[in-house]
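In what follows, a structure is listed as structure tokens, so that the remarks can point back to it.
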There are 2 protein chains.
Amino acid sequence: MGERRASGTRPAVRTTTVAVDVAILAPMGTELAVLVQAGGRAGAAGSAELPWDGIRPSDTLDDAADRIARAALGFAPAWLGQCGTWSDTRRHPGGARTSVGYLAVCPGSATGAPVGENGAWVPMSAQPSLMPRQRAVLDAAAMLVQSRIDQSPLAFRFLPAAFTLSELQAIYELLLDRKLHKASFRRALHAARLVAPLDEWRSEGRGRPAQLFQYAPARRRSVRRAVRFDLIAPTPGR
Amino acid sequence: MGERRASGTRPAVRTTTVAVDVAILAPMGTELAVLVQAGGRAGAAGSAELPWDGIRPSDTLDDAADRIARAALGFAPAWLGQCGTWSDTRRHPGGARTSVGYLAVCPGSATGAPVGENGAWVPMSAQPSLMPRQRAVLDAAAMLVQSRIDQSPLAFRFLPAAFTLSELQAIYELLLDRKLHKASFRRALHAARLVAPLDEWRSEGRGRPAQLFQYAPARRRSVRRAVRFDLIAPTPGR
DNA sequence: CGAATTAGTCACAATGTGCGACAAAAGTCA
DNA sequence: TGACTTTTGTCGCACATTGTGACTAATTCG
């Protein structure tokens with residue numbers, strides 16, 4: 001003991017095979033959907049896979065994730081963020097020992113259009129059968145959405161730039177999986193000064209036309225609030 | 001266009017060199033400190049480094065991080081969590097192209113004892129001069145602490161199992177960098193039913209002895225709360 | 001035109017938070 | 001011993017935030 005380094009040996013880097021795996025999520029109807037592609041062995045059971053690739057010499061991980069998401073979607077995702085990294089022997093479509101997982105978010109309009117030749121949007125509830133490694137990435141991506149909803153404007157990335165407040169509320173209800181009260185939702189939203197009205201209205205079939213808004217956070221007083229003990233979940237996370 | 005994969009090529013894994021870098025944080029006096037070790041070239045300016053190592057064939061990343069933290073500290077950290085992964089050309093002590101960053105947390109008692117032959121606790125405000133890659137890891141670790149304070153019992157990991165409420169409040173004040181009101185702090189803490197009193201008191205010099213508590217989250221009603229728009233920061237993170 | 005439907009707001013009750021005041025239990029020191 | 005200091009721990013009130021149902025507004029449908 002008293003050894004400076006792990007187990008008395010000097011630290012040394014090792015070589016590994018690495019892939020970037022991207023879970024691309026978008027709202028579809030009343031729930032989230034994930035974009036999967038047919039695997040290498042088409043027709044085989046459990047052959048769906050998340051879009052993935054290796055990293056190129058000049059790539060950062062963010063570069064690679066953006067490239068993979070663009071290639072799968074045909075356009076850039078509205079948001080990208082890392083959701084974890086794993087290195088183990090679980091199966092991966094490319095046989096990578098190490099996977100860097102990313103979450104990509106895009107508006108619901110994407111789930112209405114076809115995605116390439118072998119892409120498909122699968123509802124999260126349908127539990128697409130992925131290889132174990134990619135299953136871990138998808139689970140972590142879903143967790144990341146949950147943990148970031150209240151801390152970042154992630155919910156807005158599931159919508160186009162201009163949206164109605166009812167659409168925004170529907171996204172929050174989808175992500176949080178519970179009904180919200182319209183008046184409370186709007187009161188809190190406006191108090192936070194996160195959206196600005198556009199001089200534009202949209203009529204969606206019957207009913208009064210809804211005003212369009214855009215995400216436009218205003219400089220707001222950084223009030224010192226209480227410690228939020230009520231948000232603490234028993235497990236300290238991953 | 002219409003291509004199924006990135007740039008029309010089939011996806012393929014690549015090889016990279018990888019290190020696990022661990023930012024070990026603990027309270028020291030009134031601020032956080034990070035554990036650094038003297039680098040390979042002792043005495044050289046900017047030679048401090050975070051504990052790091054490669055991954056072993058049977059290691060998961062969590063295994064490696066735990067091993068590295070134990071070796072540096074002499075005991076297991078109270079908490080470990082991934083804070084990000086980077087793959088770029090920034091300098092790293094081991095020359096790794098890819099780094100998996102971890103945050104390790106341990107109680108303040110650690111910062112009073114010596115740490116191995118060439119370890120030292122450096123206050124975060126002192127900005128230890130690390131190589132660029134490890135600087136990124138440390139910054140991400142600090143961000144992770146901030147983002148998890150309200151979502152997980154992370155603050156409790158900076159304390160021993162038994163603690164006084166004043167100690168807990170001091171940790172929160174240190175992490176949030178602001179004074180908290182004692183009565184409000186305790187009211188919210190007890191309302192969340194996160195701690196249980198021990199039948200033990202501790203006298204710290206003068207003043208009334210403080211009762212000791214332990215972290216013991218009780219099953220509490222999962223009240224449906226409002227969407228917390230006020231916590232949303234303008235940037236969607238990382 | 002009236003019913004149905006969706007958007008948007010209001011008022012009030014219930015709950016939560018900031019904050020000062022104060023009581024309780026110990027040590028310090030004349 | 002007894003006043004003074006220091007720290008723990010609680011109470012109560014003013015004020016802010018949130019939950020909820022009721023209400024008005026603007027549009028389509030038949």
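No lab work stands behind these numbers, since they all come straight from the coordinates. Note that the coordinates shown come from a computational prediction; the quantities given were computed from them, not determined experimentally. Positions of Cβ are backbone-derived with ideal geometry, glycine not excepted, and every protein chain shown enters the neighbour counts.
Loop only per DSSP, at most 12 neighbouring Cβ atoms within 10 Å: give me the chymotrypsin sites (Phe, Trp or Tyr not before Pro) in segment A:13-82, ordered by residue number. It would help to have the intermediate numbers written out before the result.
Values: sites: A:Trp52, A:Phe75, A:Trp79; in loops: A:Phe75.
Counting only loop positions with at most 12 other Cβ atoms within 10 Å, the chymotrypsin sites (Phe, Trp or Tyr not before Pro) in segment A:13-82 are A:Phe75.
Just want to confirm a number: the relative contact order over chain A, from Cα pairs under 8 angstrom separated by 6+ residues, in percent. Mind showing how you got there, number by number?
On the way: 365 pairs, mean separation 44.9, N = 238.
Reported relative contact order: 19 percent.
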Legend entry - Within chain B: Cβ-based charge dipole about Cα centre, in debye rounded to nearest 20 (Lys, Arg +1; Asp, Glu -1): 960
Legend entry - Chain B, rotation onto A, residue closest to that axis via Cβ, with its distance in Å: B:Thr85, 2
Inset, instruction - Could you work out the mean count of beta carbons from other protein chains within 10 Å of each residue's beta carbon in A:146-157? - result: 5
Legend entry - Exam field: A:Ala216 pseudo-label spacings to other copies (7 Å along Cα-Cβ), nanometres: 5.4
Legend entry - Label spacing, shortest first and in nm, from B:Val122 to its equivalents in the remaining copies (7 angstrom along Cα→Cβ): 4.7
Legend entry - Inter-copy separations for A:Gly74, label at 7 Å along Cα-Cβ, nm, ascending: 6.3
Inset, instruction - Could you check how many percent of all C-alpha pairs in segment B:160-229 are farther apart than 17 Å? - result: 53
Legend entry - Selection from A:Thr30, A:Leu198, A:Pro128 lying farthest towards where the dipole of chain A points positive, charges on Cβ: A:Leu198
Legend entry - At q = 0.06, 0.11, 0.14 Å⁻¹, base-10 log of I(q)/I(0) for the protein assembly as shown (Debye sum, equal scatterers on each alpha carbon): -0.31, -1.01, -1.41
Inset, instruction - Using only atoms on other chains, find how many Cβ atoms lie within 10 Å of each Cβ of peptide A:59-69 and report the average. - result: 3
Legend entry - Beta bridges by DSSP in segment B:18-148, antiparallel share as percent, to the nearest 5: 70
Inset, instruction - Return the aspartates and glutamates within reach of A:Lys182: Cα separation strictly under 15 angstrom, same-chain partners fewer than 8 residues apart disregarded; answer none if there are no such residues. - result: A:Glu167, A:Glu173
Inset, instruction - Have a look at A:Val115, A:Val227, A:Val36 and tell me which one the Gaussian network model of chain A (Cα, springs below 10 Å) gives the largest fluctuation. - result: A:Val227
Legend entry - Within 10 Å of each Cβ in A:13-25, the average number of Cβ atoms from other chains: 5
